[in-house]
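Each remark here refers to the structure printed beneath this line.
Derivation of every value follows stated rules applied to the coordinates shown; laboratory data play no part. Please read these numbers as outputs of a predicted model, since none were measured by experiment. Cβ atoms come from the backbone with ideal geometry, glycine included; neighbour counts cover every protein chain shown.
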Amino acid sequence: MNILGIETSCDETAAAVVKDGRSILSNIVASQIDLHAQFGGVVPEVAARSHIEMILPVVQQALDEGQLTWGDIDGIAVTAGPGLLGSLLIGTLTARALAIVKQKPLYGLDHVEAHVYANFLSQTPPNFPLLALIVSGGHTQLVLFQDHLKYRVLGLTRDDAAGEAFDKVAKLLGLGYPGGPAIAETAARGSSRAYKLPKAQMGPSTLDFSFSGLKTAVLRQAQHLAEVTLDSPSSEIAASLSEAQVADLAASFQQTIVDTLVDKVLAALTKYQPKSVVIAGGVAANQLLRAELARRLPLSITYAPMNLCTDNAAMIAALGYHFAQAGQTVDPYKLRADSSLMMA
Ligand code: KG4
Ligand code: ZN
């Protein structure tokens with residue numbers, strides 16, 4: 001069964017065709033990173049406009065790359081939320097129109113849940129029960145899957161998402177957008193022990209996360225090093241820091257956030273004894289996170305290739321296959337984009 005996936009929740013226009021939820025026949029991602037870099041972050045109106053221009057060529061390219069025609073497509077899966085509303089609307093309206101015109105079943109998916117399915121795009125998929133650490137630009141949560149489509153959220157962030165913390169700290173340190181890869185690269189030149197930064201103490205009984213305190217601690221340390229007052233604009237701090245100070249701050253921040261994430265995965269693992277652990281979302285591309293999980297976890301962990309960790313449509317098509325198996329279609333005349341959709 002071939003599912004066409006469509007993803008436009010943020011700043012990537014993506015389409016892919018996946019066979020039986022695991023074999024990628026095509027995977028097209030048109031990134032808008034260059035468009036948004038000049039603004040230091042994603043500008044919603046610019047993103048939506050670019051999705052409009054790109055979506056149909058990207059869908060066509062996904063068919064062409066897989067040497068497929070519409071007759072080869074058994075269903076269409078699209079991200080219904082969460083994300084930027086203007087961006088989601090382009091993907092959902094396109095998928096609805098295509099489902100009606102091409103007479104295909106339609107599946108409306110949660111983008112965050114779909115991130116987990118990057119790990120099923122493999123000939124050796126992970127076993128259930130499965131513990132997933134989902135760490136993206138908008139979400140940070142631990143989810144226990146008993147089976148496909150059957151899950152329980154164990155903990156979430158109470159403030160910033162992990163990727164958001166990477167992006168904000170990168171901006172503070174003058175490292176540009178997107179922040180995760182920039183922090184990781186700069187951290188390689190610094191010492192992770194240079195500065196002692198706080199891990200949020202939330203008590204042993206919760207699997208929730210909090211990163212805003214860590215972000216503020218980096219800001220205070222940077223202000224101190226740059227010898228600026230607390231009320232001076234944060235955009236002016238980076239210019240007063242040496243390259244070595246920036247690298248040390250990036251390395252100390254990265255180590256602290258990674259340690260916090262691994263602590264929680266270990267706590268959840270001990271409590272729920274899953275058969276496998278996967279990490280998903282853009283921050284799952286982080287090499288230190290992978291290395292620390294491998295070092296500290298008692299079982300081996302499944303990693304998706306880097307390009308499937310960040311936003312893509314193959315993960316949407318992979319989850320769409322399980323919606324198709326379960327018969328969970330949605331009326332193409334009724335599917336609504338939901339910018340604040342939450343796994344529950
Ligand atoms: O999943 P994703 O592509 O988009 C969302 O659904 O949010 O995640 C994007 C996030 C950004 O915050 C980006 O800075 C972060 O993933 N990211 C990384 C790395 N690559 C991307 N964070 C840490 N290390 C990386 N290597
Ligand atoms: Zn994402």
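Restricting attention to the range 302-341, the residues that are within 16 Å of ligand 1 (Cβ to nearest atom) and farther than 17 Å from I6 by Cβ add up to 7. For first residues located in the range 309-326 and polar (S, T, N, Q), partners that are within 15 Å of ligand 2 (Cβ to nearest atom) and in a helix (DSSP H, G or I) and lie 6+ apart or on another chain with Cβ distances below 6 Å form the pairs T310/G282. Looking across the range 280-301, the residues that are surrounded by fewer than 24 Cβ atoms within 10 Å (Cβ to Cβ), more than 12 Å from the chain's Cα centre (by Cα) and within 15 Å of ligand 1 (Cβ to nearest atom) come down to Q287, L288, R290, A291, E292, L293. Does the range 113-129 contain at least one residue that is assigned to a strand (DSSP E or B) and within 16 Å of ligand 1 (Cβ to nearest atom)? Within the range 113-129, not a single residue is assigned to a strand (DSSP E or B) and within 16 Å of ligand 1 (Cβ to nearest atom).
The residues listed here are V29, V42, V46; of these, the one that is away from ligand 2 (no atom under 15 Å from the Cβ) and among the β-branched types (V, I, T) is V46.
For the range 149-170, filtered to residues that are part of a loop (DSSP other than H, G, I, E, B) and aliphatic (A, V, I, L, M), the residue that is farthest from ligand 2 (Cβ to nearest atom) is L149. Counting only helices (runs of 4 or more DSSP H) wholly contained in the range 263-344, the ones carrying 1 or more residues that are within 15 Å of ligand 2 (Cβ to nearest atom) and in contact with a strand residue (DSSP E or B) (Cβ under 8 Å, 6 or more places away or on another chain) occupy 306-309, 314-325. Those strands (runs of 3 or more DSSP E) of the range 1-112 in which at least 2 residues are within 15 Å of ligand 1 (Cβ to nearest atom) and closer than 30 Å to G174 by Cβ, considering only elements entirely within it, cover 12-19, 23-31. When the range 171-222 is filtered for residues that are closer than 25 Å to D11 by Cβ, assigned to a loop (DSSP other than H, G, I, E, B) and not aliphatic (A, V, I, L, M), the ones remaining, listed by number, are G174, G176, Y177, P178, F211. Among the residues making up the range 135-148, those that are among the polar types (S, T, N, Q), within 16 Å of ligand 1 (Cβ to nearest atom) and either surrounded by fewer than 18 Cβ atoms within 10 Å (Cβ to Cβ) or part of a strand (DSSP E or B) (or both) are T140, Q141.
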